[in-house]
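Enquirer: Quick one: structure below, then a few questions.
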Amino acid sequence: MSRHTLISSSCALAALLLATAGSTHAADLPSRKGAPVAPPVALACSENEGIPTDAFGFTTGSDVADKGSFGPSLTYGGAYGTRTGSSNSHGLMLQGSYGLLPCLEVGPYLLGGYSRSSLAGISTDERSFGAGIETKYKILGRDMHGIGLTAVIDPSFNRIDPDGAGRFTAYNTGLRLFADKTLMPGKLYAALNLSHDMTWTGPDPYARSSTFTVGGSLAWQVLDGVYLSGEVRHQRAYNTLGFAKEAGYATFAGPGVFWQATKQFAISAAYNVQVAGKAKGQPGDLDLTNFSQHLVKVKAAYSF
(Lines give C-alpha, C1' and ligand atoms only; values in the text may rest on other atoms or scores of the structure.)
Protein backbone atom coordinates (compact mmCIF):
# COMPACT_ATOMS: atom_id res chain seq x y z
CA MET A 1 0.00 0.00 0.00
CA SER A 2 1.38 3.40 -0.97
CA ARG A 3 1.93 6.17 1.47
CA HIS A 4 -0.77 8.29 -0.25
CA THR A 5 -3.34 5.51 0.08
CA LEU A 6 -2.49 5.03 3.79
CA ILE A 7 -2.97 8.74 4.49
CA SER A 8 -6.34 8.76 2.66
CA SER A 9 -7.57 5.73 4.64
CA SER A 10 -6.51 7.31 7.93
CA CYS A 11 -8.39 10.54 7.12
CA ALA A 12 -11.54 8.63 6.21
CA LEU A 13 -11.38 6.64 9.47
CA ALA A 14 -10.92 9.82 11.51
CA ALA A 15 -13.90 11.48 9.80
CA LEU A 16 -16.06 8.43 10.53
CA LEU A 17 -15.06 8.45 14.22
CA LEU A 18 -15.84 12.16 14.55
CA ALA A 19 -19.25 11.74 12.94
CA THR A 20 -20.10 8.81 15.22
CA ALA A 21 -18.99 10.73 18.31
CA GLY A 22 -21.01 13.76 17.28
CA SER A 23 -24.19 11.77 16.80
CA THR A 24 -23.69 10.02 20.13
CA HIS A 25 -23.23 13.29 21.99
CA ALA A 26 -26.25 14.80 20.26
CA ALA A 27 -28.38 11.88 21.37
CA ASP A 28 -27.15 12.31 24.95
CA LEU A 29 -28.05 16.00 25.18
CA PRO A 30 -30.92 16.72 27.58
CA SER A 31 -34.27 17.60 25.98
CA ARG A 32 -35.14 21.28 25.81
CA LYS A 33 -38.89 20.50 26.13
CA GLY A 34 -40.66 21.69 29.28
CA ALA A 35 -41.59 19.36 32.11
CA PRO A 36 -44.85 17.43 31.58
CA VAL A 37 -47.91 19.33 32.76
CA ALA A 38 -49.56 17.80 35.81
CA PRO A 39 -53.16 16.72 35.26
CA PRO A 40 -55.74 19.13 36.70
CA VAL A 41 -56.87 18.41 40.23
CA ALA A 42 -60.25 16.67 40.23
CA LEU A 43 -62.98 18.67 41.93
CA ALA A 44 -66.05 17.36 43.70
CA CYS A 45 -68.22 19.41 41.36
CA SER A 46 -66.63 17.96 38.19
CA GLU A 47 -68.98 15.18 37.07
CA ASN A 48 -68.84 13.16 33.87
CA GLU A 49 -72.64 12.92 33.96
CA GLY A 50 -74.66 15.80 35.32
CA ILE A 51 -78.04 15.24 36.99
CA PRO A 52 -80.60 18.09 36.81
CA THR A 53 -81.16 19.35 40.34
CA ASP A 54 -84.90 19.76 39.66
CA ALA A 55 -85.44 16.25 38.26
CA PHE A 56 -86.55 14.93 41.68
CA GLY A 57 -89.65 17.05 42.39
CA PHE A 58 -89.57 18.88 45.73
CA THR A 59 -86.37 16.98 46.53
CA THR A 60 -83.18 18.59 45.14
CA GLY A 61 -80.07 17.10 43.52
CA SER A 62 -76.51 17.86 44.61
CA ASP A 63 -75.05 19.53 41.49
CA VAL A 64 -74.01 23.19 41.65
CA ALA A 65 -73.42 25.84 38.99
CA ASP A 66 -70.06 25.86 37.19
CA LYS A 67 -67.72 28.70 38.10
CA GLY A 68 -68.73 31.87 36.25
CA SER A 69 -72.08 30.53 35.01
CA PHE A 70 -75.36 32.29 35.77
CA GLY A 71 -78.99 31.28 35.51
CA PRO A 72 -82.28 32.89 36.60
CA SER A 73 -85.33 30.88 37.65
CA LEU A 74 -88.95 31.54 38.61
CA THR A 75 -90.72 29.13 40.98
CA TYR A 76 -94.40 28.99 41.89
CA GLY A 77 -95.43 27.26 45.10
CA GLY A 78 -99.02 26.52 46.06
CA ALA A 79 -100.47 25.04 49.25
CA TYR A 80 -104.11 24.04 49.74
CA GLY A 81 -106.22 22.44 52.41
CA THR A 82 -106.57 22.98 56.16
CA ARG A 83 -108.41 21.31 59.05
CA THR A 84 -111.32 23.72 59.32
CA GLY A 85 -112.64 26.09 56.68
CA SER A 86 -110.44 26.63 53.65
CA SER A 87 -106.94 27.91 53.03
CA ASN A 88 -105.12 28.63 49.78
CA SER A 89 -101.66 30.15 49.54
CA HIS A 90 -99.61 31.10 46.51
CA GLY A 91 -95.96 32.14 46.39
CA LEU A 92 -93.42 33.20 43.78
CA MET A 93 -89.64 33.10 44.06
CA LEU A 94 -87.36 34.84 41.55
CA GLN A 95 -83.79 33.61 41.95
CA GLY A 96 -80.48 34.14 40.23
CA SER A 97 -77.87 31.39 40.72
CA TYR A 98 -74.19 32.13 40.11
CA GLY A 99 -71.10 29.91 40.25
CA LEU A 100 -68.92 32.11 42.44
CA LEU A 101 -66.02 29.66 42.94
CA PRO A 102 -65.37 26.04 42.01
CA CYS A 103 -68.04 23.95 43.78
CA LEU A 104 -69.60 27.09 45.35
CA GLU A 105 -72.92 28.49 44.14
CA VAL A 106 -74.74 31.53 45.52
CA GLY A 107 -78.40 32.21 44.74
CA PRO A 108 -79.99 35.45 45.98
CA TYR A 109 -83.77 35.53 45.59
CA LEU A 110 -86.91 37.62 46.03
CA LEU A 111 -90.15 36.30 47.53
CA GLY A 112 -93.77 37.30 47.12
CA GLY A 113 -96.84 35.56 48.49
CA TYR A 114 -100.60 35.75 48.89
CA SER A 115 -102.92 33.58 50.97
CA ARG A 116 -106.66 33.49 51.58
CA SER A 117 -108.31 31.68 54.46
CA SER A 118 -111.97 31.23 55.32
CA LEU A 119 -113.40 30.09 58.64
CA ALA A 120 -117.09 30.15 59.61
CA GLY A 121 -117.90 32.38 56.68
CA ILE A 122 -115.21 34.94 57.54
CA SER A 123 -112.40 35.40 55.00
CA THR A 124 -108.98 36.83 55.70
CA ASP A 125 -106.25 37.72 53.26
CA GLU A 126 -102.52 37.91 53.85
CA ARG A 127 -99.75 39.28 51.67
CA SER A 128 -96.01 38.90 52.10
CA PHE A 129 -92.76 39.85 50.47
CA GLY A 130 -89.16 39.10 51.33
CA ALA A 131 -85.70 38.08 50.20
CA GLY A 132 -82.94 35.62 50.95
CA ILE A 133 -79.73 34.08 49.69
CA GLU A 134 -79.06 30.37 49.20
CA THR A 135 -75.41 29.31 49.42
CA LYS A 136 -74.47 25.81 48.23
CA TYR A 137 -71.09 24.07 48.48
CA LYS A 138 -70.50 20.63 46.98
CA ILE A 139 -68.51 18.46 49.35
CA LEU A 140 -68.48 15.10 47.54
CA GLY A 141 -68.73 14.22 43.86
CA ARG A 142 -70.34 11.13 42.33
CA ASP A 143 -67.33 10.38 40.12
CA MET A 144 -64.90 10.45 43.05
CA HIS A 145 -67.00 9.02 45.90
CA GLY A 146 -70.00 7.30 44.34
CA ILE A 147 -72.45 9.87 45.76
CA GLY A 148 -72.84 13.62 45.42
CA LEU A 149 -73.20 15.64 48.62
CA THR A 150 -73.85 19.37 48.95
CA ALA A 151 -74.20 21.51 52.08
CA VAL A 152 -76.61 24.46 52.00
CA ILE A 153 -77.32 27.46 54.22
CA ASP A 154 -80.39 29.52 53.33
CA PRO A 155 -81.24 32.63 55.43
CA SER A 156 -84.28 34.71 54.47
CA PHE A 157 -86.91 37.11 55.78
CA ASN A 158 -90.58 37.76 55.03
CA ARG A 159 -92.57 40.90 55.72
CA ILE A 160 -96.14 39.73 56.37
CA ASP A 161 -99.21 41.96 56.09
CA PRO A 162 -102.43 40.27 57.28
CA ASP A 163 -105.84 41.91 56.97
CA GLY A 164 -107.09 43.33 60.25
CA ALA A 165 -103.72 43.08 62.01
CA GLY A 166 -100.40 44.86 62.07
CA ARG A 167 -97.49 43.96 59.84
CA PHE A 168 -94.76 41.76 61.23
CA THR A 169 -91.55 40.10 60.04
CA ALA A 170 -90.55 36.45 60.03
CA TYR A 171 -86.91 35.36 59.78
CA ASN A 172 -85.92 31.89 58.62
CA THR A 173 -82.62 30.03 58.43
CA GLY A 174 -82.48 26.72 56.59
CA LEU A 175 -79.66 24.20 57.05
CA ARG A 176 -79.70 21.46 54.40
CA LEU A 177 -77.85 18.48 52.95
CA PHE A 178 -78.54 17.39 49.36
CA ALA A 179 -77.30 13.94 48.27
CA ASP A 180 -77.76 12.01 45.03
CA LYS A 181 -76.47 8.89 43.29
CA THR A 182 -76.51 7.38 39.81
CA LEU A 183 -78.19 3.96 39.94
CA MET A 184 -78.26 3.29 36.18
CA PRO A 185 -76.17 5.67 34.05
CA GLY A 186 -78.38 7.63 31.68
CA LYS A 187 -81.57 6.17 33.19
CA LEU A 188 -82.17 5.98 36.95
CA TYR A 189 -81.08 8.33 39.75
CA ALA A 190 -81.79 8.68 43.48
CA ALA A 191 -81.72 11.71 45.78
CA LEU A 192 -81.98 12.22 49.53
CA ASN A 193 -82.49 15.56 51.32
CA LEU A 194 -82.21 16.52 54.99
CA SER A 195 -83.19 20.01 56.12
CA HIS A 196 -83.94 21.93 59.28
CA ASP A 197 -85.68 25.31 59.03
CA MET A 198 -85.59 27.61 62.05
CA THR A 199 -88.09 30.48 62.13
CA TRP A 200 -88.39 33.58 64.28
CA THR A 201 -91.85 35.17 63.90
CA GLY A 202 -92.65 38.70 65.13
CA PRO A 203 -93.72 41.01 66.43
CA ASP A 204 -91.31 41.14 69.35
CA PRO A 205 -91.08 39.02 71.47
CA TYR A 206 -90.47 36.62 68.60
CA ALA A 207 -92.10 33.21 68.57
CA ARG A 208 -89.70 30.41 67.72
CA SER A 209 -90.52 27.37 65.63
CA SER A 210 -88.80 24.90 63.32
CA THR A 211 -89.49 22.22 60.74
CA PHE A 212 -87.35 19.15 60.10
CA THR A 213 -87.68 17.43 56.71
CA VAL A 214 -86.29 14.21 55.28
CA GLY A 215 -87.15 13.40 51.70
CA GLY A 216 -86.21 10.78 49.14
CA SER A 217 -86.89 10.58 45.42
CA LEU A 218 -86.21 8.43 42.35
CA ALA A 219 -85.95 10.01 38.89
CA TRP A 220 -86.17 8.00 35.65
CA GLN A 221 -85.03 9.50 32.34
CA VAL A 222 -87.74 8.18 30.02
CA LEU A 223 -86.58 10.23 27.02
CA ASP A 224 -83.54 12.36 26.35
CA GLY A 225 -83.97 15.34 28.70
CA VAL A 226 -87.32 14.13 30.13
CA TYR A 227 -87.45 12.77 33.69
CA LEU A 228 -90.33 11.33 35.70
CA SER A 229 -89.97 11.17 39.48
CA GLY A 230 -91.68 9.81 42.55
CA GLU A 231 -90.88 10.97 46.07
CA VAL A 232 -91.78 10.58 49.73
CA ARG A 233 -91.10 13.33 52.29
CA HIS A 234 -91.61 13.33 56.06
CA GLN A 235 -91.86 16.60 57.99
CA ARG A 236 -92.00 17.36 61.71
CA ALA A 237 -92.99 20.70 63.23
CA TYR A 238 -91.69 22.00 66.57
CA ASN A 239 -92.52 24.98 68.77
CA THR A 240 -88.82 25.59 69.41
CA LEU A 241 -85.76 26.06 67.20
CA GLY A 242 -84.60 22.56 68.09
CA PHE A 243 -86.36 19.23 68.44
CA ALA A 244 -88.28 19.80 71.67
CA LYS A 245 -92.01 20.57 71.94
CA GLU A 246 -93.20 18.69 68.89
CA ALA A 247 -96.33 20.23 67.36
CA GLY A 248 -97.10 17.61 64.73
CA TYR A 249 -95.85 15.61 61.77
CA ALA A 250 -96.90 14.81 58.22
CA THR A 251 -95.83 12.47 55.42
CA PHE A 252 -96.19 13.53 51.78
CA ALA A 253 -95.91 11.59 48.53
CA GLY A 254 -96.31 12.46 44.89
CA PRO A 255 -94.99 12.56 41.33
CA GLY A 256 -92.89 15.06 39.40
CA VAL A 257 -91.78 15.76 35.84
CA PHE A 258 -88.76 17.59 34.43
CA TRP A 259 -88.20 18.63 30.81
CA GLN A 260 -84.96 20.06 29.42
CA ALA A 261 -86.70 21.84 26.56
CA THR A 262 -83.52 23.37 25.11
CA LYS A 263 -79.87 23.46 26.11
CA GLN A 264 -80.55 26.58 28.18
CA PHE A 265 -84.23 26.29 29.20
CA ALA A 266 -85.89 23.75 31.51
CA ILE A 267 -89.26 23.46 33.20
CA SER A 268 -90.37 21.19 36.04
CA ALA A 269 -93.51 20.48 38.06
CA ALA A 270 -94.27 18.44 41.17
CA TYR A 271 -97.29 17.56 43.30
CA ASN A 272 -97.38 16.25 46.88
CA VAL A 273 -100.38 15.13 48.91
CA GLN A 274 -100.35 14.49 52.66
CA VAL A 275 -100.93 10.76 53.11
CA ALA A 276 -100.39 10.52 56.89
CA GLY A 277 -99.84 12.80 59.84
CA LYS A 278 -100.91 13.90 63.28
CA ALA A 279 -101.21 17.30 64.96
CA LYS A 280 -100.61 17.32 68.69
CA GLY A 281 -103.91 17.57 70.55
CA GLN A 282 -105.99 17.36 67.35
CA PRO A 283 -108.18 14.49 66.11
CA GLY A 284 -107.74 12.84 62.71
CA ASP A 285 -105.02 11.02 60.82
CA LEU A 286 -103.58 14.11 59.08
CA ASP A 287 -101.82 17.20 60.42
CA LEU A 288 -103.74 20.02 58.77
CA THR A 289 -102.85 22.48 61.53
CA ASN A 290 -99.14 22.82 60.84
CA PHE A 291 -99.11 21.60 57.22
CA SER A 292 -101.29 21.85 54.13
CA GLN A 293 -102.95 18.85 52.52
CA HIS A 294 -101.86 19.54 48.94
CA LEU A 295 -98.61 21.09 47.66
CA VAL A 296 -97.76 22.18 44.10
CA LYS A 297 -94.45 23.38 42.65
CA VAL A 298 -93.76 24.68 39.13
CA LYS A 299 -90.33 26.01 38.13
CA ALA A 300 -88.90 27.51 34.95
CA ALA A 301 -85.12 27.94 34.74
CA TYR A 302 -82.74 29.39 32.16
CA SER A 303 -78.95 29.13 32.07
CA PHE A 304 -76.44 31.30 30.20
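The values are calculated or read from the model by the stated rules, or taken from the named source; none is laboratory data. The shown structure was predicted, so the numbers you read here are calculated from the model rather than taken from an experiment. Here the Cβ positions follow ideal geometry from the backbone for every residue, glycine too, while neighbour counts run over all protein chains shown. To get the accessible areas, we keep the full protein, side chains included, count just its heavy atoms, and leave off ligands, DNA and RNA. Shrake-Rupley method; radii C 1.70, N 1.55, O 1.52, S 1.80 Å.
Enquirer: Would you mind checking the pairs K181/K278; K278/K299; K67/K138 and listing those with alpha carbons more than 22 angstrom apart?
Expert: K181/K278; K278/K299
Enquirer: Tell me the mean residue ellipticity at 222 nm calculated for the chain from its helices only (DSSP H runs of n ≥ 4, each -39500 (n - 2.57), averaged over every residue, nearest 500).
Expert: Result for the chain: -3000 deg cm²/dmol, rounded to the nearest 500.
Enquirer: Defining a contact as two alpha carbons under 8 Å apart and six or more residues distant in sequence, what relative contact order in percent does the range 103-161 show?
Expert: Once normalised by length, the contact order is 34 percent.
Enquirer: If you line up the long axis of helix 3-28 against the longest principal axis of the chain, both from Cα atoms, how many degrees apart are they, to the nearest 10?
Expert: Its long axis makes an angle of about 10 degrees.
Enquirer: Report the equivalent ellipsoid semi-axes for the range 112-151 in whole Å, largest first, defined as the square roots of five times the eigenvalues of the gyration tensor built from alpha carbon atoms.
Expert: Value: 44, 14, 5 Å, ordered largest first.
Enquirer: A further question on this structure: Would you kindly compute the Cα radius of gyration of the chain and its largest Cα-Cα separation (Dmax), both in Å?
Expert: 31.6, 136
Enquirer: Once neighbouring chains are kept in place and the probe is 1.4 Å, which whole percent of the accessible area of the chain is contributed by carbon and sulfur?
Expert: Ligands and nucleic acids excluded, carbon and sulfur give 65 percent.
Enquirer: Looking at the range 41-192 from every direction and averaging, what is the projected area of its Cα convex hull in nm²?
Expert: If I average the Cα hull's projected area over directions, I get 10.5 nm².
Enquirer: Right, here's the next one. Counting only heavy atoms of protein chains, what accessible area per residue, in Å², does the chain have with a probe of 1.4 Å?
Expert: Per residue, the chain has an accessible area of 56 Å².
Enquirer: Tell me the trypsin sites (Lys or Arg not before Pro) within the range 232-267 that lie in a loop according to DSSP and have at most 10 other beta-carbon atoms within 10 Å.
Expert: Sites meeting the loop and neighbour criteria: K263.
Enquirer: Oh, and also: Between the range 146-165 and the range 65-135, what is the separation of their alpha carbon centroids in Å?
Expert: 8 Å
Enquirer: Viscosity 1.306 mPa s, temperature 10 °C: Stokes-Einstein D of the range 75-136 from its Kirkwood Cα radius, in µm² per second?
Expert: In µm²/s, the coefficient is 117.
Enquirer: How large, in Å, is the range 172-304 by the Kirkwood hydrodynamic radius built from its alpha-carbon pairs?
Expert: 16.6 Å
Enquirer: Mind checking the dipole of the range 179-304: about its Cα centre, +1 per Lys or Arg Cβ, -1 per Asp or Glu Cβ, Debye to the nearest 20?
Expert: 100 debye
Enquirer: What whole-number volume per residue, in cubic angstrom, does the convex hull of the C-alpha atoms of the range 109-188 give?
Expert: 144 Å³
Enquirer: In addition: Quick one: putting +1 on the C-beta of Lys and Arg, -1 on the C-beta of Asp and Glu, what dipole do you get for the chain around its Cα centre, in Debye to the nearest 20?
Expert: 400 debye
Enquirer: Right, here's the next one. Give the residue list of trypsin sites (Lys or Arg not before Pro) in the range 150-229 that are DSSP loop and have at most 15 other beta-carbon atoms within 10 angstrom.
Expert: Qualifying residues, ordered by number: R167, K187.
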